[in-house]
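The structure appears right after this line, and notes come after that.
The values are calculated or read from the model by the stated rules, or taken from the named source; none is laboratory data. All values reported here derive from a predicted model rather than from experimental measurement. Note that we place each Cβ from the backbone using ideal geometry, even for glycine, and neighbour counts take in every protein chain shown. To get the accessible areas, we keep the full protein, side chains included, count just its heavy atoms, and leave off ligands, DNA and RNA. Shrake-Rupley method; radii C 1.70, N 1.55, O 1.52, S 1.80 Å.
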Amino acid sequence: MQELSINLENLWSQCILEIEKNVPPQTFSTWFKPIVPLKLFDEKLVIQVPSRFHYEWIEEHYRNLLEKVLLDVLSYVPEIQYTIKLDDHVHSPAIPEIQQNTLQLNGSYKKDDTRLNLRYTFENFIEGSCNQFAKAASLAVAEAPGKTNFNPLLVYGGVGLGKTHLIQAIGNYVVQKGKARRIRYVSSEKFTLDFITAIQNSGTAAFSKLYRNVDVLLVDDIQFFVNKERTQEEFFHTFNELHQKGKQIVLSCDRPPSELKSLEKRLISRFNSGLITDLQVPDLETRVAILQRKAEQDNIQIPSEVIVFVASNVTTNIRDLEGALIKLLAHASLNGKDISLDLTKRVLRDIIKRKNTNLSIEIIQRIVCTYLDIKEDLVRAKTRKKEVVVARQISMFLAKEMTNFALKTIGLHFGGRDHSTVIHACQTIENKINKQKYFAEEIEEIKRKIELAI
Ligand code: ADP
Ligand code: MG
């Protein structure tokens with residue numbers, strides 16, 4: 001094959017020259033210089049990077065550039081595999097067996113196989129009261145796929161709380177421990193797309209073979225099945241066939257399935273025959289643990305005051321926590337500085353929302369109710385009338401966003417509701433903000449009014 005005759009170092013230096021032209025010198029020396037090319041075979045390029053963080057940074061920010069440059073130099077885009085250096089002896093590009101001293105990152109398994117990402121494992125899924133039960137149930141399913149009562153297992157929760165991580169961890173565990181042979185992970189969108197393509201092209205036989213011939217089927221984000229009737233129908237049959245054969249089905253969803261308005265009743269009743277469990281927003285203790293563990297994984301020292309500061313201020317979800325950490329590490333490493341509390345405050349200024357100590361929950365309630373034209377006492381009363389519920393949820397959400405009151409205190413201001421009601425309200429509003437531009441604008445407008453009032 002052509003690529004065998006290409007000298008790897010030569011090729012890489014051509015790539016590096018190109019990259020150097022495209023990025024600032026600091027970026028180049030921080031992120032690209034340390035890369036060591038190891039192997040090019042079977043249209044795969046293996047490169048070594050200094051840390052997991054380094055890998056994630058490149059994947060997130062420079063993947064396109066890397067692919068473009070490789071395309072120019074090689075005339076095709078190889079699959080890029082990363083390894084990280086586990087000890088200092090491993091730096092020669094000539095190591096014969098890349099697996100030996102390196103930890104392979106990235107990468108799905110072989111093309112068109114399980115579609116799992118090896119990054120998502122149970123070992124690096126950090127546990128707290130918010131996700132303990134869901135993790136235990138997932139592990140039980142991974143130990144004995146199709147053999148527990150948890151079939152299907154459905155995990156639901158808001159964005160960034162670990163649904164994809166958890167259900168892929170099941171897949172990876174099953175593969176690694178050889179608990180089952182055929183595993184397939186798919187997003188509901190991909191499932192839909194495959195189905196539509198099958199109808200348009202070859203007919204559905206190949207599609208059925210792909211999805212009904214597995215031991216474990218993991219379907220992510222099933223909320224996207226809503227309003228897709230034919231896909232739901234197909235999914236229903238796939239589900240039944242697998243279930244009857246004792247195969248394991250694992251699903252994730254961004255809300256409780258009973259709230260999926262136009263999902264067929266018969267599907268929902270199938271889900272109820274297994275186990276439905278949720279992932280909640282992590283509490284402070286868990287957020288601290290997550291940041292500590294992630295820093296450890298990357299071999300990076302972060303003072304505990306910084307960890308506590310980030311954990312206290314980034315309260316939304318785990319993805320945002322990771323984002324804050326990555327931003328922080330990038331700034332520190334680009335500027336060659338230690339991570340101090342000062343630096344953290346500066347770097348995360350725009351992520352961390354300004355919280356106002358003068359703002360009372362009553363002011364928020366008053367402004368929200370005036371805006372929505374609702375009598376203010378109603379948000380503190382028992383009524384479940386739709387417009388009151390919305391006003392109540394918006395007020396709870398803004399109280400959490402804009403003040404430092406504990407969830408429990410916020411709940412008490414709404415006629416003695418408990419903290420889980422507040423969490424639910426916040427998630428509902430966040431989902432709505434993410435989905436409806438118009439609604440997001442309304443919330444911004446209310447926020448502005450509140451800010452003017454204080
Ligand atoms: P979701 O699918 O619910 O939107 P993801 O599974 O994509 O969320 O998680 C977002 C990010 O947070 C991922 O990088 C994931 O690895 C990380 N993450 C989520 N939960 C945990 C956890 N309990 N421990 C460690 N990392 C987590
Ligand atoms: Mg996800």
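Could you name the aspartates and glutamates in cross-link range of LYS382, using Cα to Cα under 16 Å and dropping any fewer than eight places away on the same chain?
Cross-link targets: ASP418.
Using mean Cβ contacts within 10 Å as the protection proxy, how do 204-214, 218-228 order, highest first?
218-228, 204-214
As a test question: what accessible area, to the nearest 10 Å², does SER273 have when a 1.4 Å probe is rolled over all protein chains in place?
Here the residue's solvent-accessible area equals roughly 70 Å².
Using alpha carbons only, how many degrees (0 to 90, rounded to 10) separate the axis of helix 63-74 from the longest principal axis of the chain?
20
Report the equivalent ellipsoid semi-axes for region 169-218 in whole Å, largest first, defined as the square roots of five times the eigenvalues of the gyration tensor built from alpha carbon atoms.
That gives 25, 12, 5 Å for the three semi-axes.
Provide the three semi-axes, in whole Å and in decreasing order, of the ellipsoid equivalent to region 365-413 as defined by the square roots of 5 times the Cα gyration tensor eigenvalues.
Ellipsoid half-lengths, sorted descending, are 18, 12, 8 Å.
Tell me the relative contact order for region 185-273 as a rounded percent, counting alpha carbon contacts under 8 Å between residues six or more apart.
In percent, rounded to a whole number, it is 32.
Could you give the alpha-carbon Rg of the chain over 2.2 N^0.38 Å, rounded to two decimals?
My calculation over the Cα atoms of the chain gives 1.11.
Within region 264-278, whose backbone N sits under 20 Å from a point 7 Å along Cα→Cβ of PHE122?
Counting only backbone N, you get 275-278.
Give, as a single signed number, the net charge of other residues whose beta carbon lies under 10 Å from the beta carbon of HIS331, with Lys and Arg counted +1 and Asp and Glu -1.
In short, +3.
Suppose we flag GluC sites (Glu not before Pro) only when DSSP calls them loop and at most 12 other Cβ atoms lie within 10 Å. Which is the longest uninterrupted stretch of the chain?
Here the longest run is 124-454.
What percent of all Cα-Cα pairs in region 115-182 falls in each 5 Å bin, counting up from 0?
Bin by bin from 0 Å, the calculated values are 3, 18, 30, 28, 16, 5, 0.
Using Cα atoms only, what is the angle between the long axis of helix 163-176 and the major principal axis of the chain, expressed in degrees (0 to 90) to the nearest 10?
40
Based on the inverse mean of 1/r over its pairs of different Cα atoms, what is the Kirkwood hydrodynamic radius of region 328-385, in Å?
It is 15.0 Å.
Quick one: angle between helix 229-244 and the longest Cα principal axis of the chain, in degrees between 0 and 90, rounded to 10, please.
On a 0 to 90 degree scale, this one is about 70.
Given a Förster distance of 35 angstrom, what is the FRET efficiency for VAL23 paired with GLN132, based on the Cβ-Cβ distance and rounded to 0.05?
0.25
For the residue pair LYS209 and ASN404, what label-to-label distance in nm results when each label sits 7 Å from Cα along the Cα-to-beta-carbon direction?
Spacing of the two 7 Å Cα→Cβ label points: 6.4 nm.
Which whole-number percent gives the relative contact order of the chain, counting Cα pairs below 8 Å spaced six or more residues apart?
Relative contact order comes out at 11 percent.
What part of the accessible area of region 382-440, given as a whole %, is carbon or sulfur when the probe is 1.4 angstrom?
58
Identify the residues of region 418-435 with backbone N under 19 Å of a label point that sits 7 angstrom from the Cα of ARG384 along the Cα-to-Cβ direction, or state none.
It comes to 418-429, nothing else.
Quote to one decimal, in nm, the extra length available between TYR438 and ASP42 on full extension: 0.36 nm per residue of separation minus the C-alpha distance between them.
137.7 nm
Give the share of C-alpha pairs in each 5 angstrom bin for region 391-454, from 0 to the last occupied bin, in whole percents, shortest bins first.
Percent of Cα pairs in each bin: 4, 19, 29, 23, 17, 9, 0.
Residues with amide H under 5 Å of ASN151's amide H, sequence separation 5 or more or different chain, H placed in the peptide plane at 1.01 Å from N; which?
Hits under the 5 Å cutoff: LEU275.
On the full set of protein chains, 1.4 Å probe, figure out the accessible area of LYS385 and give it in Å² to the nearest 10.
120
If the limit is 22 Å between Cα atoms, which of LYS400/LYS447; LYS147/LYS294; LYS228/LYS265; LYS386/LYS432; LYS179/LYS245; LYS228/LYS432 go over it?
LYS147/LYS294
What are the semi-axes of the equivalent ellipsoid of region 147-277, taken as the square roots of 5 times the eigenvalues of the Cα gyration tensor, listed largest first and rounded to whole Å?
Equivalent ellipsoid semi-axes, largest first: 20, 19, 14 Å.
Of ARG293, ARG366, ARG287, ARG181, which has the most accessible area and how do the rest follow, probe 1.4 Å?
Heavy-atom accessible area, descending, gives ARG181, ARG366, ARG293, ARG287.
Given region 305-441 reduced to its alpha-carbon atoms as identical point scatterers, what log10 I(q)/I(0) does the Debye formula return at q = 0.11, 0.13, 0.22 Å⁻¹?
These q points yield log10 I(q)/I(0) values of -0.48, -0.64, -1.30.
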